[in-house]
1. Report the calculated FRET efficiency for residue 66 and residue 264 (r = Cβ-Cβ distance, R0 = 22 Å), to the nearest 0.05.
2. Under 14 Å from the 7 Å Cα→Cβ point of residue 339, by amide nitrogen: which residues of segment 170-206?
3. With each pseudo-label sitting 7 Å past Cα toward Cβ, what's the residue 79-residue 238 distance in nm, one decimal?
4. Could you give the length gained by full extension between residue 360 and residue 320, i.e. 0.36 nm per residue of separation minus their alpha carbon distance, to one decimal place?
5. Stretched out fully, how many nm does the piece from residue 54 to residue 137 gain, at 0.36 nm a residue minus the Cα gap?
6. Of the listed values [x] 60, 42, 40; [y] 55, 52, 42; [z] 65, 40, 38, identify the label whose number matches Cα extents along the principal axes in Å calculated from this model.
7. Starting from the Cα-Cα distance between residue 226 and residue 106, subtract it from 0.36 nm times their residue separation and give me the gain in nm to one decimal.
């Protein structure tokens, strides 16, 4: 099977990492896989070196380079002659649709939808327009692959034909994302976190939906109750938002208790430093950070949005979103569980991912979907 993916870039991100591992896994199983990017040079490109996956940089020249960019992509589609043309996320989905008549006659157009909730008020006019257009063209692709049941429900409400929507949960590379206990002390030292502190982490890009402000407010509440905790926010994003969040930590009087290491490529060693991983978003589909944390043996406290509560199952704690007090309660319950039997918490968290959300599971389901197109 010849598969051509399209994505904005292969910079570090949840969807980007999922595409990278999926493409690599498909290539290992003998499929001919290529990835076209709007912009080349992404940090994840190196992970595909010697994988058999071909990369095409479409050299998009900024936001308004549209006509020539689409032309270059259409030429690539004609040259590659894919059996499956697979977009990843809204803009890529629309560009793939624009190249449909360049596809071979029996080739299939697939859209990849990663979001289950979007507060469009938080995004610029062009982003809102793209999501609006995508929602009105949901009947056009042959298949829509969504990574969460929450996303499936949203798509059908928007009018996507139910028979064309298939849920394939994200797959985690359980060999890469695995416990790294020997790294714990060194990472904590680099972050200036004492070994006896309970370290609670939020791994997320600096996006409004990730609710870093709620995380910080909850941190202040927990620090008022106990002094043996510290916090870390791992992830990159807008510099202005980072400064605003640091100012909030200062205003809350907790700046000395929060570490901001930025974006980190080798996440398993970072998860090793944590005692509890947190996702406090008010909107999610399938959170990679949750599943990756668990695969590394780190138990999670999550907000009950998207598929987050389903992912953690009985291994973690879930609370209502947008409420710092509820988040503190979840943390306190998990602290008690970890105190009672940390080894069991770590083991159960990893086992949940190995059994239900492995990369092998995702790859098998993807091959079946791309081959048959039948939704389940």
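1. Details: r = 34 Å, r/R0 = 1.54.
The pair residue 66/residue 264 has a calculated efficiency of 0.05.
2. Zone members listed by number: 197-199.
3. 3.7
4. 11.2 nm
5. 27.0 nm
6. [z]
7. Working it through step by step, the gained length comes to 36.9 nm.
Rule-based calculations on the coordinates, nothing more; no lab input. Computed from a predicted model, the values in this text were never measured in an experiment. Glycine gets a Cβ as well: all are built from the backbone with ideal geometry, and neighbour counts include every protein chain shown.
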